[in-house]
Amino acid sequence: MVVAILALQGAFIEHEQTLHNMGIETIQIRKKTDLDTPFDGLILPGGESTVMGKLLKELDLFDIIKNKIEDGLPVFGTCAGLILLASHIVDDNTVHFGTLPATVVRNAYGRQLGSFYTEGNVEGLGQIPMKFIRAPYVKSVDDHTKVLSIVDEKIVAIQYKNQLGVAFHPELTDNHQIHQYFIDIINQYTVA
Amino acid sequence: MKENRYELNKELAQMLKGGVIMDVTTPEQAKIAEAAGACAVMALERIPADIRAAKGVARMSDPKMIKGIQKAVSIPVMAKCRIGHFTEAQILEAIEIDYIDESEVLSPADDVYHIDKRKFQVPFVCGAKDLGEALRRINEGASMIRTKGEPGTGDIIQAVRHMRMMNREIAKLSSMREDELYQAAKELEVPYELVSYVHIQGKLPVVNFAAGGVATPADAALMMQLGAEGVFVGSGIFKSGDPAKRAAAIVKAVTNFNDAKLIAELSEDLGEAMVGINEKEIELLMAERGK
């Protein structure tokens with residue numbers, strides 16, 4: 001199994017290290033030719049969604065990746081990555097991939113002083129550590145999107161078929177359960 | 001400062017990696033920077049080249065002006081305070097700045113003591129020209145480091161010198177015997193624990209950006225190839241002929257810093273670069289402030 005990680009900007013190396021610790025091979029996506037190497041799943045990391053959204057288009061990656069997601073490529077977005085996937089952003093007309101039916105709020109907990117650490121329950125996984133850094137949350141989802149975690153009455157993890165989105169940063173903790181959950185999605189979709 | 005808060009502050013810097021942080025003086029410039037792909041902006045009244053030209057005392061910017069920039073963009077907003085001026089830092093914390101730069105670009109307020117950054121909830125970035133300076137700032141509570149370079153000159157030589165110096169000293173620490181680390185800690189004037197971290201990990205315990213003199217996409221890619229994890233661009237953008245285009249080109253050069261063909265394309269038709277001042281022509285060496 002090979003997992004591609006979008007490496008345009010942000011905390012992509014942290015995802016790479018997590019997957020390597022789990023014994024999974026990774027490749028970095030920085031330009032169009034990087035997409036020629038076959039891969040089974042894609043991670044959209046934390047960082048700035050405005051930067052990644054712009055570079056995806058300007059480096060001619062956007063349409064190819066969007067088509068792959070629509071064709072069933074398993075994809076996992078953390079923080080900014082969740083914003084890239086979401087179909088609606090509150091108070092913002094921007095839509096990036098828009099493939100994950102959910103409405104998200106950017107910088108929903110305020111500025112850096114609002115960043116925090118907690119533990120929260122994720123469906124099927126139990127309590128896991130969660131780091132929220134200038135994080136978004138999910139305001140609402142449609143009927144087909146599954147809510148996996150609610151922390152302080154806010155939705156922070158969702159799944160829609162092949163797409164997994166979380167508002168926090170599992171790549172910054174030693175707990176690999178969310179990454180394992182994504183690997184299970186890949187296995188499920190590769191077999192199917 | 002609680003342990004958790006310091007971790008979260010270091011991690012915000014991790015989210016900025018592979019990005020470009022741009023100096024801006026107005027909400028309009030902040031919007032241009034954000035649209036061009038900046039991962040954060042540094043709000044200040046005058047960019048370093050103008051501070052240099054104006055001479056006199058350079059201080060923290062007007063909070064109203066900083067708030068205007070906070071309203072204008074969704075990306076993190078940083079601002080500078082004078083070295084040792086903890087009250088300016090308190091003011092910046094009060095307006096919920098995302099990152100404080102305790103910066104040698106402004107006139108130092110204290111020639112002995114830096115700010116005790118552990119007392120703050122908001123994160124700090126500090127300049128360093130060698131490993132000792134970097135670790136001393138981290139010990140004081142900085143959660144991000146940048147090279148000092150020489151701000152407002154458009155001359156990359158000092159940033160290169162500082163990055164190479166830091167790399168060389170890190171490599172030296174990594175190759176030492178364990179029993180030599182105590183003496184190294186003494187020479188660097190930092191606690192043994194930080195020296196031991198660098199010895200084992202072969203890198204700083206926080207993110208390290210390049211700053212001071214970056215004017216072209218090639219300068220930015222050069223610093224990334226030398227090991228910078230991202231780039232600050234100050235005067236280089238808004239002192240040039242076509243700021244939006246140059247800013248966008250620098251952003252792409254930082255993402256694909258090893259792709260010479262792409263950087264060649266990005267370097268075309270950028271208009272006039274900032275004029276710049278040679279190292280030998282500089283009257284005031286800002287990098288010598290705060291050691």
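What follows draws every value from the coordinates through simple rules; no lab data is involved. Keep in mind that what you see is a predicted model, and the values were worked out from it rather than measured. Because the Cβ atoms are built from the backbone with ideal geometry, glycine has one as well, and the counts that use them run over all protein chains shown.
Each of B:T25, A:T33, A:T94 has some number of other Cβ atoms within 10 Å of its Cβ, and from fewest to most they run A:T33, A:T94, B:T25. Its Cα centre serving as origin, the protein assembly as shown has a Cβ charge dipole (Lys and Arg +1, Asp and Glu -1) of approximately 620 debye. Shown in residue order for region B:174-179 are the 3J(HN,Hα) couplings computed by the Karplus curve 6.51 cos²θ - 1.76 cosθ + 1.60 at θ = phi - 60°: 4, 8, 6, 5, 4, 6 Hz (x for Gly and Pro). Among A:L44, A:L148, sorting on how many other beta-carbon atoms sit within 10 Å of each Cβ, with the fewest leading, yields A:L148, A:L44. Here the protein assembly as shown carries DSSP beta bridges of which approximately 35% are antiparallel, counting only pairs with both residues inside.
Compactness of the protein assembly as shown is given as radius of gyration and Dmax, 21.9, 70 Å, from Cα positions. About the centre of its Cα atoms, chain B shows a dipole size close to 240 debye [charges on the beta carbon of Lys, Arg (+1) and Asp, Glu (-1) only; nearest 20 debye].
Taking other C-beta atoms within 10 angstrom as a stand-in for reagent exposure, A:S49, A:S149 fall in the order A:S149, A:S49, fewest first. The mean sequence separation of alpha-carbon pairs under 8 Å and at least six residues apart, normalised by the residue count of region A:2-188, gives a relative contact order of 18 percent. Set Lys and Arg Cβ to +1 and Asp and Glu Cβ to -1, take the dipole of the protein assembly as shown about its Cα centre, and tell me which of B:V122, B:P27, A:G10 lies farthest positive. Value: B:P27. The mean number of partner chain beta-carbon atoms within 10 angstrom of a residue's beta-carbon across peptide B:14-25 is 5.
Cα centroids of region A:82-102 and region A:116-192: 17 Å apart. Each principal axis of the Cα atoms in region A:115-192 has its own extent, and those three values, largest first, are 39, 31, 20 angstrom. Note on chain B: along the principal axes its Cα atoms extend 55, 44, 38 Å, ordered by decreasing extent. Mean-square fluctuations from a GNM of chain A, with a 10 angstrom spring cutoff on Cα atoms, peak among A:F12, A:F168, A:F76 at A:F12. Lys and Arg at +1, Asp and Glu at -1: add these up for the other residues within a Cβ distance under 11 Å of B:Q14 and post the number. Within the 11 Å Cβ shell, the charges total -2. Here r is the Cβ-Cβ distance between A:T94 and B:N139 and R0 is 45 Å; the resulting FRET efficiency, rounded to 0.05, is 0.65.
For the residue pairs A:K31/B:K10; A:K32/B:K129; B:K119/B:K280, alpha carbon separations beyond 32 Å are given by A:K32/B:K129; B:K119/B:K280. For A:G47, nonlocal amide neighbours, meaning residues 5 or more places apart or on other chains whose placed amide H falls under 5 Å from its own, are A:A11, A:A80, A:G81. Note that region B:207-218 has calculated 3J(HN,Hα) couplings of 5, 10, 9, 9, 7, x, x, 6, 10, 9, x, 5 Hz, one per residue in order, obtained from phi through the Karplus relation 6.51 cos²θ - 1.76 cosθ + 1.60 (θ = phi - 60°); glycine and proline are x. Every Cα-Cα pair in region B:1-104 was counted, and those over 21 Å apart are 35% of them. The alpha-carbon atoms of region A:2-188 define a convex hull whose volume equals 107 cubic angstrom per residue. Here's how it looks for A:I29: its modeled amide H is under 5 Å from those of A:I5, A:L6, A:A7, which are all 5 or more places away or on a different chain.
For the options A:A108, A:A135, A:A80, a Gaussian network treatment of chain A with springs between C-alpha atoms closer than 10 Å singles out A:A108 as fluctuating the most.
About its Cα centre, the dipole of region B:16-72 is roughly 160 debye, where the only charges are +1 on Lys and Arg Cβ and -1 on Asp and Glu Cβ. Each Lys or Arg adds one and each Asp or Glu subtracts one; over the other residues with Cβ under 11 Å from the Cβ of A:E16, this totals -3. Across A:G46, A:G165, A:G110, mean-square fluctuation computed from a Gaussian network of chain A (C-alpha pairs under 10 Å connected) peaks at A:G110. For chain B, the 222 nm mean residue ellipticity estimated from helices alone, with every DSSP H stretch of n ≥ 4 adding -39500 (n - 2.57) and the total spread over all residues, rounds to -13000 deg cm²/dmol. Other protein chain C-beta atoms within 10 Å of residue C-beta, averaged over B:254-261: 3.
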